[in-house]
Structures are given as C-alpha cells and as structure tokens.
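This report refers to the structure that appears directly beneath it.
Each reported figure results from applying straightforward, stated rules to the coordinates on display, with no laboratory input. The structure presented is a predicted model; accordingly, all values stated were derived computationally and were not measured. Backbone-built Cβ (ideal geometry, glycine too); neighbour counts: all protein chains shown.
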Amino acid sequence: MRIKSLHPGVSPELAQLASGFELLRPEGEIPVTPVPTEEIIEILRREVDPRGVFTSMPS
C-alpha cells in the first residue's frame, strides 16, 4: 500500500508504526490530507454514524 497523504501532524514513521505492514512512500513530499468541510462532517454525523459510534469524541 502506498501513502497518498497524511493527516496533519502524522509523520510517515508514525503511519508505518500504526499500519502493521509496509507502506510505500511516494517520491518527494507527501501531501497533507485536507480537513473535511462542515458539510462533510454533518453528513458523516447524520447519515454514516447517526448514533455517534465512530464520530463521537471520548469523554
């Protein structure tokens, strides 16, 4: 599997440690994953995970 982008603050090394398998790095700089829009967040909360199982933050 090849790294396409990384979330803000995540290094390739951290992604590799968390994956459990070899990640291929692209040549050059790895782009940062774009932050989701408010519209996308609302769709995730309302349609994908209405009970908040995956999208709620722990207390």
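Could you work out the percent of alpha carbon pairs in the chain separated by over 13 Å, rounded to a whole number?
Percentage above 13 Å: 69.
Under 5 Å between amide hydrogens, which residues at least 5 positions from L6 or on another chain qualify, with H placed 1.01 Å from N in the peptide plane?
Close amide H contacts, sequence-distant or interchain: V32, T33.
May I ask you to compute the full-extension gain from I3 to L24, defined as 0.36 nm times their residue separation minus their alpha-carbon distance, rounded to one decimal in nm?
Values: separation 21, 0.36 × 21 = 7.56 nm, distance 0.61 nm.
Gain on stretching I3 to L24: 7.0 nm.
Using a 10 Å cut-off on Cβ atoms, rank the peptides 19-31, 36-48 from the highest mean neighbour count down.
36-48, 19-31
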